[in-house]
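Peer 1: One structure coming up, written as structure tokens, with questions to follow.
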Amino acid sequence: MDRFFGLAQRGTTPRQEVLAGLATFLTMAYIVVVNPGMMAAAGIDHGAAFVATCLAAAIGSTLMGLLANYPIALAPGMGLNAYFAFAVVGGMGVPWQAALGAVFISGMIFFAVSVTGFREWLINSIPLSLKLGIAAGIGFFLGLIGLRGMGLVVDNPATLVAMGSLHQPATLLSCLGFVLIAGLVARGITGGIVIGIIVTALLGIPFGLTEFQGIFSMPPSLAPTFLQMDLAGALGIGLVGIVFTFFIVDLLDNAGTLIATTHRAGLMRKDGSVPHLGRALMADSGGAMIGAVLGTSTTVSYIESAAGVQAGGRTGLTALTVAVLFLLTLFLAPLATSIPGFATAPALVLVACLMAQGLRDIAWEEPTEYLPAIVTALAMPFTFSIASGIGVGFIAFALVKLVAGRGREVGGAVWLIAAASALRFYLET
């Protein structure tokens, strides 16, 4: 074990790695409650989605631990699952089977990119400001969904959206849940999100809002979603933009997480490059494809892995520990299905706030950088589409730079994505 993972070389021990894995798991375990609920909103069987979530996280984390030897865990990504359920399936009317096919194809493209030098060209060509704007925009998109789930934001024919009623017990409990989760996270309590979700759900029992269904059972059947992806449907011309969105967000999300986590763990080289980047991205893309086969949205590296790094995790043994814990979670299906939507919605809002932190690193003194970034972030929730937000952002960046006389600062990848987005908007609107 020491030779395979290089424990001594990285100054760690098996005990330290296992404890780090536990810390990471506790910070991201909310996904086994939140993700099945989102998949169910897309028409996918809740029990099968729960199993798919646990298995995708376990397999993806195992791939990362064995291939790249990094203390980074994987699971279905927040933001992309919302895009899958509410924008692609709910908003565009795409069958969930075809949407899973789009996830699989995007994973294949990601894998192909990961084994070539194209990945560095693409990642390096996209400006930091747009990367930060995309991350924040996904957070705002997620926040809108969370606020709607809490009952704080409702439809309004005159103003599009309006304030919900605070006389509803579920809304009040959701607000209390957000305050509790935020307070626990601010205190640095490991597993604060999970604790907040469970407490909020328990508070709903006296109001008849939470129906307790037990704790342990054998895992539900995976049959309703296993190999149900529709590749032929995903190859239709109307889904090209969806495939691209899954791909580009997956690529940027994973690259950002790898950079941030390896830097915090002291694994980044002095020149700023990430060792074994190709292997790590192959683990990510492999996880995305496997997740689609199982029946869930795109699997990504989790920034919550930083909790494990903070606890001393330095090798893939941390990721393997997380994988084992997700497998054990398979037997907690009754508990997961007992958690109502009003208890998980506050967690979405909190994650949205965390994702918006990247805006602080934008070059606010440079208009040609911060204006397209903010346009990107704003376009996602207000068009209710991550794809549209990305497209608007790239077009804005290229044109603002061009009009400002700084067109040479626009990389080839930006022009390519901007042109493709403009063509998509022309054909679809």
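Peer 1: Ignoring ligands, DNA and RNA, what percent of the accessible area of the stretch 55-96 is carbon or sulfur (1.4 Å)? Can you show the working numbers first?
Peer 2: On the way: 670 of 910 Å².
The C+S portion of the solvent-accessible surface of the stretch 55-96 is 74 percent.
Peer 1: Per DSSP H run of at least 4 residues, take -39500 (n - 2.57); add these up for the chain, divide by its residues and hand me the 222 nm value, nearest 500 deg cm²/dmol. Let's see the in-between values first.
Peer 2: On the way: 19 runs with 269 residues, N = 429.
For the chain, the value works out to -20500 deg cm²/dmol.
Peer 1: I need the GluC sites (Glu not before Pro) found in the stretch 327-429, filtered to DSSP loop residues with at most 15 other beta carbons within 10 Å of theirs.
Peer 2: Details: sites: 365, 369, 409, 428; in loops: 365.
Passing both the DSSP loop test and the Cβ count: 365.
Peer 1: Separate question: Using 10 Å bins from zero, what percent of all Cα-Cα pairs in the chain falls into each bin?
Peer 2: Values per bin, smallest distances first: 5, 22, 33, 27, 11, 2, 0.
Peer 1: Same structure again: Please list 3J(HN,Hα) in residue order for the stretch 91-108, calculated via the Karplus relation 6.51 cos²θ - 1.76 cosθ + 1.60 where θ = phi - 60°; whole Hz, with x for glycine and proline.
Peer 2: So the J values, rounded to whole Hz, are x, 8, x, 6, x, 5, 5, 5, 5, 5, x, 5, 4, 5, 5, 4, x, 5.
Peer 1: Need one number: nm distance between label points at residue 8 and residue 425, each 7 Å from Cα along Cα→Cβ, rounded to one decimal.
Peer 2: 5.9
Peer 1: Moving on. Taking amide hydrogens as modeled 1.01 Å from N in the peptide plane, which residues meet the under 5 Å criterion relative to residue 300, leaving out close sequence neighbours?
Peer 2: Here the answer is 75, 77, since their amide H atoms fall under 5 Å of that of residue 300.
Peer 1: So if R0 is 56 Å, what FRET efficiency would residue 402 and residue 213 give, r being the distance between their Cβ atoms, rounded to the nearest 0.05?
Peer 2: 0.45
Peer 1: Could I have the simple spin-label model distance between residue 156 and residue 199, label points 7 Å from Cα toward Cβ, reported in nm to one decimal?
Peer 2: The answer from the label model is 3.2 nm.
Peer 1: Going highest first, how would you order 6-16, 278-288 by mean Cβ packing within 10 Å?
Peer 2: The densest-packed peptide leads the list: 278-288, 6-16.
Peer 1: Going through the stretch 302-407, which trypsin sites (Lys or Arg not before Pro) have at most 12 other Cβ atoms within 10 Å and a DSSP loop state?
Peer 2: Details: sites: 314, 360, 401, 406; in loops: 314, 406.
Counting only loop positions with at most 12 other Cβ atoms within 10 Å, the trypsin sites (Lys or Arg not before Pro) in the stretch 302-407 are 406.
Peer 1: Check residue 191: other-chain or 5+ apart residues with amide H under 5 Å from its amide H, H built from backbone geometry?
Peer 2: Under 5 Å from the amide H of residue 191: 27.
The values are calculated or read from the model by the stated rules, or taken from the named source; none is laboratory data. Since the structure is predicted, the reported quantities are computational estimates derived from the model, not experimental observations. Every residue, glycine among them, receives a Cβ derived from its backbone with ideal geometry; neighbour counts consider all protein chains shown. Accessible surface areas use protein heavy atoms only, side chains included; no ligands, DNA or RNA. Shrake-Rupley method; radii C 1.70, N 1.55, O 1.52, S 1.80 Å.
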